[in-house]
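One structure below.
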Amino acid sequence: MTRVNNKVAEITKTALIAALYVVLTVTFIPLSYGPIQFRLSEMLNAMVVFNKRYIWGVTLGCLIANLWSSMGPVDMIFGTLQTLVMTWLSWYVGKFFKSLPAKLGATIIICTLMSWAVALELHLVSEAPFWMTYLTVGIGEFVVVLIGDIVVWLINEKVDLSR
């Protein structure tokens, strides 16, 4: 019975993160899509350093949130794959650090650098200039993941996010 309860708890936590990602993205649609982005839901990327389950919650949330993207199926496929790779890399690289600040710092760097995929997608679909878009999306990603690191760190002080 405990095993079933643990599985239900895992699925519930994943679904809650996905739902939170969708709400944060869709509530702020003007900031969430396009060549200048400040997608607040990306703050949740920081959670992956605590538990691999958050990779799936953030990725599922991204897939659902991209239903509202003006790029439609392209964003649903490539934006979601980029999120999956970015969060997995953040989790994987985080395993090599002992300190939480180092893990969270690595997440900021990885997420910011991975913004190239969004810039490329916008360049190919919307003809947005690649380097300028990489810069603007990267700055937005840096800021929201930095904020997310701080928020997630503070939450983890009260609630063990690794469980």
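The values are calculated or read from the model by the stated rules, or taken from the named source; none is laboratory data. Bear in mind that the values here come from a model prediction, so they are computed numbers and not experimental data. Because the Cβ atoms are built from the backbone with ideal geometry, glycine has one as well, and the counts that use them run over all protein chains shown. Side chains are part of the model used for accessible areas, which takes the heavy atoms of the whole protein and leaves out ligands, DNA and RNA. Shrake-Rupley method; radii C 1.70, N 1.55, O 1.52, S 1.80 Å.
Computed values, structure above
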{"item": "Listed residues 27, 107 arranged by accessible area, highest first, probe 1.4 Å", "result": "27, 107"}
{"item": "Average Cα contact separation per residue, the chain, under 8 Å, 6 or more apart, as relative contact order %", "result": "26"}
{"item": "Contour minus Cα-Cα distance for residue 102 and residue 88 (0.36 nm per residue)", "result": "3.4 nm"}
{"item": "Point-to-point label distance, residue 127-residue 159, nm (Cα→Cβ direction, 7 Å offset)", "result": "4.6"}
{"item": "Lys/Arg +1, Asp/Glu -1 at C-beta; the chain dipole; positive extreme among 84, 122, 37", "result": "84"}
{"item": "Å² per residue, accessible surface of the chain at 1.4 Å", "result": "54"}
{"item": "Separation in nanometres of the label points that stand 7 Å from Cα toward Cβ, at residue 70 and residue 19", "result": "3.1"}
{"item": "Theoretical ellipticity at 222 nm over the chain - DSSP helices of four or more residues, -39500 (n - 2.57) apiece, nearest 500", "result": "-23000 deg cm²/dmol"}
{"item": "Per-peptide average of other Cβ atoms within 10 Å, ordering 35-48, 124-137 highest first", "result": "35-48, 124-137"}
{"item": "Cα-centred dipole magnitude for the chain, charges only on beta-carbon of K, R (+1) and D, E (-1), debye, nearest 20", "result": "760"}
{"item": "Accessible-area composition of the chain, carbon plus sulfur, in percent [1.4 Å probe]", "result": "75"}
